[in-house]
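Q: Below is a structure I'd like to ask you about.
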Amino acid sequence: MFYPTHSVSMVVSVTGAHVTNFCGMGFVDQHEDNLYTCEDNVWKNPFSNETMLCRMSDGSTVRFNEFRRIGHPGTVGMRLYGTEASYEEQVGSQMWVTKDRSTCVDLSKELACEGIPSIQFDDPMAKVTGADGTHVGVSRVHPVHRLPKEFVGLPNGHHGSHQFLVHDFVTAYIHRQLPPNNVWQAARYIIPGLLAHGSALQGGQLMEVPDFGDFPK
């Protein structure tokens, strides 16, 4: 749970709620390579897979899994269940679902980070070439109009987030403002996982999370 930012940040960013209480549980790894044997790793970590069960500030409950040894190709995924609708993400599939099965929407194409042209054509059949320039690693829903033209064609990563993080940081510095991802948000992303590992080492003890508040307006 020392690397929970990818999972915790998704829920905190979407709902605006943060973790208030939690307990952690871990699977004691027994693989023959002894990679997670306490005596053989610098972190003295016996767990290959850990789970954190949380109560959030809005009253909801969340389960975060950080698994490092399972029969899976690896992914960062999220399932968010609301009262009227939900979002489900798995390997190669992203769905918006409601109580009515006929209204479910497959978002896989909209969220596929395959890059989009920097020049929008009137002709939907127009072919994008290398000379036209492409915003690399972004999806159709990314607001690429926010990005400077100098980013066109540059490497990107983490589902298109890298260039937006850089742009937000530089823009905040120039205008003397806080970026959306700031140290207060970062604390809410990382602290629960750091403490949950300690809870797991104590057999799943329920604990409180210290909160450093919202960022200054």
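The values are calculated or read from the model by the stated rules, or taken from the named source; none is laboratory data. Source: prediction; values computed, not measured. Every residue, glycine among them, receives a Cβ derived from its backbone with ideal geometry; neighbour counts consider all protein chains shown.
Q: Please verify whether Y87 is loosely packed, with under 15 Cβ neighbours inside 10 Å, hydroxyl-bearing (S, T, Y) and either at pLDDT 90 or above or out of contact with any Asp or Glu (no Cβ under 8 Å at 6 or more places or on another chain) (or both), treating the condition exactly as stated. Let's see the steps before the verdict.
A: Values: loosely packed, with under 15 Cβ neighbours inside 10 Å: no; hydroxyl-bearing (S, T, Y): yes; either at pLDDT 90 or above or out of contact with any Asp or Glu (no Cβ under 8 Å at 6 or more places or on another chain) (or both): yes.
It is false that Y87 is loosely packed, with under 15 Cβ neighbours inside 10 Å, hydroxyl-bearing (S, T, Y) and either at pLDDT 90 or above or out of contact with any Asp or Glu (no Cβ under 8 Å at 6 or more places or on another chain) (or both).
Q: Next question, about the same structure. So the check is Cβ under 7 Å with 6+ separation or different chains; which pairs have a first residue in the range 101-125 that's hydroxyl-bearing (S, T, Y) and surrounded by 12 or more Cβ atoms within 10 Å (Cβ to Cβ) and a second one that's at pLDDT below 90 and part of a helix (DSSP H, G or I)?
A: S118/D132
Q: Of everything in the range 166-183 that's in a helix (DSSP H, G or I), touching a Pro at 6+ places or on another chain (Cβ under 8 Å) and not β-branched (V, I, T), which residue is surrounded by the most Cβ atoms within 10 Å (Cβ to Cβ)? So that I can check it myself, show each step before the final result.
A: We begin by selecting, within the range 166-183, every residue in a helix (DSSP H, G or I); these are 166-175, 183.
This time we only want the ones that are touching a Pro at 6+ places or on another chain (Cβ under 8 Å), so: 167-169, 171-172.
Applying the additional criterion that residues be not β-branched (V, I, T) yields 167-169, 172.
Values: H167: 15, D168: 18, F169: 14, A172: 15.
Among residues in the range 166-183 that are in a helix (DSSP H, G or I), touching a Pro at 6+ places or on another chain (Cβ under 8 Å) and not β-branched (V, I, T), the one surrounded by the most Cβ atoms within 10 Å (Cβ to Cβ) is D168.
Q: Step by step: first the residues of the range 71-107, then only those that are of a type in the set (D, E, K, R) and not in a strand (DSSP E or B), then the one that is nearest to Y3 (Cα to Cα). Which residue is that? Walk me through how you get there before you give the answer.
A: Of the residues in the range 71-107, the ones of a type in the set (D, E, K, R) are 79, 84, 88-89, 99-101, 106.
Next, only the ones that are not in a strand (DSSP E or B) stay: 84, 99-101.
Numbers: E84: 31, K99: 34, D100: 37, R101: 36 Å.
Out of the qualifying residues, it is E84.
Q: How many residues are of a type in the set (G, A, S), surrounded by fewer than 12 Cβ atoms within 10 Å (Cβ to Cβ) and under 28 Å from L165 (Cα atoms) if we restrict to the range 185-217? Break it down stepwise before answering.
A: Within the range 185-217, the first condition is being of a type in the set (G, A, S), and the residues that meet it are 186-187, 193, 196, 198-200, 203-204, 213.
Narrowing further to those that are surrounded by fewer than 12 Cβ atoms within 10 Å (Cβ to Cβ): 203, 213.
Okay, now just the ones that are also under 28 Å from L165 (Cα atoms), so 213.
Qualifying residue count, the range 185-217: 1.
Q: Between T51, T15, T5, T20, which is in contact with a helix residue (DSSP H, G or I) (Cβ under 6 Å, 6 or more places away or on another chain), of a type in the set (S, T, Y) and touching a residue at least 12 places away in the same chain (Cβ under 8 Å)? Spell out the reasoning first.
A: On the way: T51 fails: in contact with a helix residue (DSSP H, G or I) (Cβ under 6 Å, 6 or more places away or on another chain); T15 fails: in contact with a helix residue (DSSP H, G or I) (Cβ under 6 Å, 6 or more places away or on another chain); T20 fails: in contact with a helix residue (DSSP H, G or I) (Cβ under 6 Å, 6 or more places away or on another chain).
Among T51, T15, T5, T20, only T5 is in contact with a helix residue (DSSP H, G or I) (Cβ under 6 Å, 6 or more places away or on another chain), of a type in the set (S, T, Y) and touching a residue at least 12 places away in the same chain (Cβ under 8 Å).
Q: Counting only residues that are among the polar types (S, T, N, Q), more than 24 Å from T15 (Cβ to Cβ) and touching a strand residue (DSSP E or B) at 6+ places or on another chain (Cβ under 7 Å), how many does the range 159-211 have?
A: Here is the first cut: in the range 159-211, the ones among the polar types (S, T, N, Q) are 161, 163, 171, 177, 181-182, 185, 199, 202, 205.
Remaining after also requiring more than 24 Å from T15 (Cβ to Cβ): 163, 171, 202, 205.
From what is left, the residues that are touching a strand residue (DSSP E or B) at 6+ places or on another chain (Cβ under 7 Å) are 205.
Selection size over the range 159-211: 1.
Q: Does S7 qualify as being crowded, with 20+ Cβ neighbours inside 10 Å, farther than 20 Å from Q202 by Cβ and among the polar types (S, T, N, Q)? Working first, answer last.
A: Details: crowded, with 20+ Cβ neighbours inside 10 Å: yes; farther than 20 Å from Q202 by Cβ: yes; among the polar types (S, T, N, Q): yes.
Judged against the criteria, S7 is a match.
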